[in-house]
Amino acid sequence: MTDSNYHLETLATRFDRTGTSVSDTGDVVPPIHLSTTHEMRSPGESNHGYKYTRFGNPTRDVLEERLSELCGAERAVACASGTAAIAATCLSVVEAGDHVVAFDGIYGGTRLLFDDLLVDSLGASVEYVDATDLNTVDEAITDETSLVWMESPTNPLLRLCDLAAVGETAASVDATYIVDNTFATPYFQRPLERGADVVVHSTTKYLNGHSDSMGGAVLTDDHSFADAVEHTQSYDLGGTLAPFDSYLTLRGLRTFPLRMDRHEVNASELAQYLDDHPLVAQVNYPGLPRHPQHDLAREQMDGFGGIVSFELDATAAETRAVLEALDVFTLAVSLGGTESLVDHPATMSASYLADAEREATGISDSLVRIAVGVEHADDLLTDLDQALEHL
């Protein structure tokens, strides 16, 4: 890790890498290296460190260096998607018969991957617990627990866990402690500073920030773990991030701090509006004083993020009518881009979960998730207001 004395806002904008990947033309923007293969000095030997793009690419190297600096990590591994990052970390930790403890509010796609990959394929067991209550985590962890997986805030209900306290519990049985920090981002939260061994991100979301590149990242201070993830990605899964997507993510990072400030300002204003609306039964946003974990959010986060979810006092059909009436908000899955998106988790981002699983995790037919963009807040408020008139 270099440039550790700089603030995140400075690190996000800098490009000062030296070495064979940078020409002598004085580039202020990292160049894209699209070559899939590199000339060798002699059979099996390279004088520049590159052989084949699956095993190493100059543009991806620059991105990994920048991500490690932003996240305060020694190493970063860029992956083809957030799911690829999750799979690589799990395969680097979990073996047949292992026990895994996970937050019951984790992203549905992660839960599906755990059930398919860890349980069905590897024969591990996964225990989902309400990690908002540390006692449930303590009671679930055993000497056979190899992995503790947290996500804070969770998707889509914005529930939190005490990152440092969970870290102490995981460390007591020498379990690997991994945190999905996609929603909070390193701008608002740094789990490695609170005991996490590994952090994963879907760079598709806020780190890229423009809804035009899919990717993931694994961050850690453990070099041996990073080596294992790199091997899994390069040799076993082949899920490394492409050079062009690496370039796009680097491009996005240059405005990352500016975007996160605007996302949060807008989200806070919309959350307060929804909290005061008579047709909204509940608002989930850690920045609201009435959020049950608001004090924890203030303690372990530097901000509250750009995602708000809320429960309408409405039927499924009425909820659908509200969403279809929105104009500025785009009805689409995903999040983290400059545009505001609205998602109906029950039929969109969590639709592949069984009805019983969605109900158990609190995802109802009247739940709405908004990924608040960087538009003018007045336009977003006006759009919500006119749509809610359909109730």
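Read the figures in this text as sums done on the coordinates, not as results from a lab. None of these values were measured; they are calculated from a predicted model. Cβ coordinates were reconstructed from backbone atoms using ideal geometry, including for glycine residues, and neighbour counts include every protein chain displayed.
Placing +1 on the Cβ of every Lys and Arg and -1 on the Cβ of every Asp and Glu, with nothing else charged, gives segment 8-253 a dipole about its Cα centre of roughly 1160 debye.
For the pair segment 353-391 and segment 122-197, the centres of their Cα atoms are 27 angstrom apart.
For the options ILE307, ILE178, ILE32, a Gaussian network treatment of the chain with springs between C-alpha atoms closer than 10 Å singles out ILE32 as fluctuating the most.
Could you tell me which residue out of VAL368, HIS38, ALA297 lies farthest along the dipole of the chain toward its positive end? Charges go on the beta carbon: Lys and Arg +1, Asp and Glu -1, centred on the Cα centre. Among VAL368, HIS38, ALA297, the one farthest towards the positive end of the dipole of the chain is HIS38. For segment 256-388, the Kirkwood estimate of the hydrodynamic radius, built from every pair of different alpha carbons, is 15.1 Å. Calculated over segment 8-253, the projected area of the Cα convex hull averaged across directions stands at 13.4 nm². When the chain is treated as a Gaussian network with alpha carbon springs shorter than 10 Å, the biggest mean-square fluctuation among GLU193, GLU230, GLU264 belongs to GLU193.
Springs join every pair of Cα atoms under 10 Å in this Gaussian network model of the chain, and among LEU63, LEU117, LEU341 the largest mean-square fluctuation is at LEU117. The reciprocal of the average 1/r between distinct C-alpha atoms defines the Kirkwood hydrodynamic radius, which for segment 136-227 equals 13.8 Å.
Taking the Cα of HIS7, stepping 7 Å toward and past its beta carbon, and measuring to each backbone N in segment 248-286: which are under 16 Å? What the label zone holds, given the 16 Å backbone N cut-off, is 255-262.
Identify the GluC sites (Glu not before Pro) of segment 340-391 meeting these criteria: DSSP loop state and at most 10 other C-beta atoms within 10 Å of the C-beta. Answer in residue order: GLU389.
Backbone amide hydrogens, once placed in the peptide plane, bring VAL129 within less than 5 Å of ALA102, PHE103, ASP104, excluding anything fewer than 5 places away on its chain.
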